[in-house]
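Notes for the one structure printed next.
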Amino acid sequence: MAPGNLTQVTEFILMGVSDRPEMQVPLFMVFLVIYVLTATGNLGIITLTTVDSRLHTPMYFFLRHLAVINLGNSTVIAPKMLVNFLVSRKTTSYYECATQLGGFLVFIVAEIFMLAVMAYDRYVAICNPLLYMVVVSRRVCLLLVSLTYLYGFSTAIFVSSCVFSVSYCSNNIINHFYCDNVPLLALSCSDTHLPETVVFISAATNLFFFMSIVLVSYFNIVLSILRIRSSEGRKKAFSTCASHMMAVTVFYGTLLFMYLQPQTNHSLDTDKMASVFYTLVIPMLNPMIYSLRNKDVKAALNRFLTNPCYSLKSI
């Protein structure tokens, strides 16, 4: 086909999680519950760590921003996904698709960064407790959080610009429930070598670099815990990072499963299922992980429910 005969796509059609008509309403109910639990849990973490003065520490400052990121990531994906379960024509405009991709990249990259920051915070708290408030000062906390969002925004702008720099012609059906890099580039009618390379290098670099920070931090944390002579001391030290270790394992485990599976077994349907997990399920699980295994958060929740006015006065 001659270049002059190509028609630029103005909208995309999202296939969704399933194309079976009888599954649309049940899936809507399932993902509505997931999103409501996600919003409730993360807003609860944000509220508690803001209003309760006993949670005004670096660890809970970072946890608050992880909750903001989780809520943002889920909100970029879930509302449009829920609407598409109930409509027959699951369309999204070209610019709406670009905005959703950019928003997704902001929050997923920010989450990778924030989990590494939280691992570093636990490393300093356990390995250098006497210097903790000096090393992880309020100024350092603000700097790390600012860098997290700035890096997320810059990565999102750069990668999404590359993805939408190619031409999209007649084929506009995305085999996904949101606008993502790989299924979008699969639709392009022009050369995708450069954007595919950018997407791969960006994903691999971010995953390797930040996961290395997490692994090095926890390697040193484990060594420090093993040096503690009393079993009670080891238990107390481990409890301060157990929740974060669980959240990191679930999040990075899902990403590694997605990126390290053999190419022969790789498919867009597999990517779709993995995406459901790290865009919707993990943001729902994180507040549960940090609250159910954390005495401080449970105590703060109890104080807030018992006397919310007192908590608000302490701000």
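The figures follow:
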read-out	value
Test: residue in the stretch 223-242 that is under 20 Å from the mean Cα position of the chain (by Cα) and either open to solvent by less than 30 Å² (accessible area, probe 1.4 Å) or of a type in the set (G, A, S) (or both)	yes
Test result for R122, of a type in the set (K, R), under 25 Å from A247 (Cβ atoms), open to solvent by 10 Å² or more (accessible area, probe 1.4 Å) and not in a strand (DSSP E or B)	yes
Of all residues in the stretch 25-66 being open to solvent by less than 20 Å² (accessible area, probe 1.4 Å) and farther than 18 Å from V281 by Cα, the one that is modelled with the highest pLDDT	F62
G233 being modelled with pLDDT of 90 or more and either in contact with a His (Cβ under 8 Å, 6 or more places away or on another chain) or part of a helix (DSSP H, G or I) (or both)	no
Pick from the stretch 172-193, criterion open to solvent by 40 Å² or more (accessible area, probe 1.4 Å), in contact (Cβ under 8 Å) with a residue 60 or more places away in the chain and farther than 19 Å from R20 by Cα, ranking: farthest from the chain's Cα centre (by Cα)	C189
Long-range neighbours under 9 Å by Cβ, at least six apart or interchain, first residue over 30 Å from Q8 (Cα atoms) within the stretch 138-167, second outside any helix (DSSP H, G or I)	L144/V136
Residue under evaluation Y94, criteria (1) at pLDDT 95 or above; (2) touching a strand residue (DSSP E or B) at 6+ places or on another chain (Cβ under 7 Å), criterion not met	(1)
Lone qualifier among V83, V76 - being at pLDDT 95 or above, open to solvent by 20 Å² or more (accessible area, probe 1.4 Å) and in a helix (DSSP H, G or I)	V76
Flag for I157 being open to solvent by 50 Å² or more (accessible area, probe 1.4 Å) and in a helix (DSSP H, G or I)	yes
Check on R64, in a helix (DSSP H, G or I), within 21 Å of T240 (Cβ to Cβ) and under 17 Å from the mean Cα position of the chain (by Cα)	yes
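The values are calculated or read from the model by the stated rules, or taken from the named source; none is laboratory data. All values reported here derive from a predicted model rather than from experimental measurement. Here Cβ is always computed from backbone atoms with ideal geometry, including for glycine, and neighbour counts include all displayed protein chains. The protein model used for the area step is the full one, side chains on, heavy atoms only, and it has no ligands, DNA or RNA in it. Shrake-Rupley method; radii C 1.70, N 1.55, O 1.52, S 1.80 Å.
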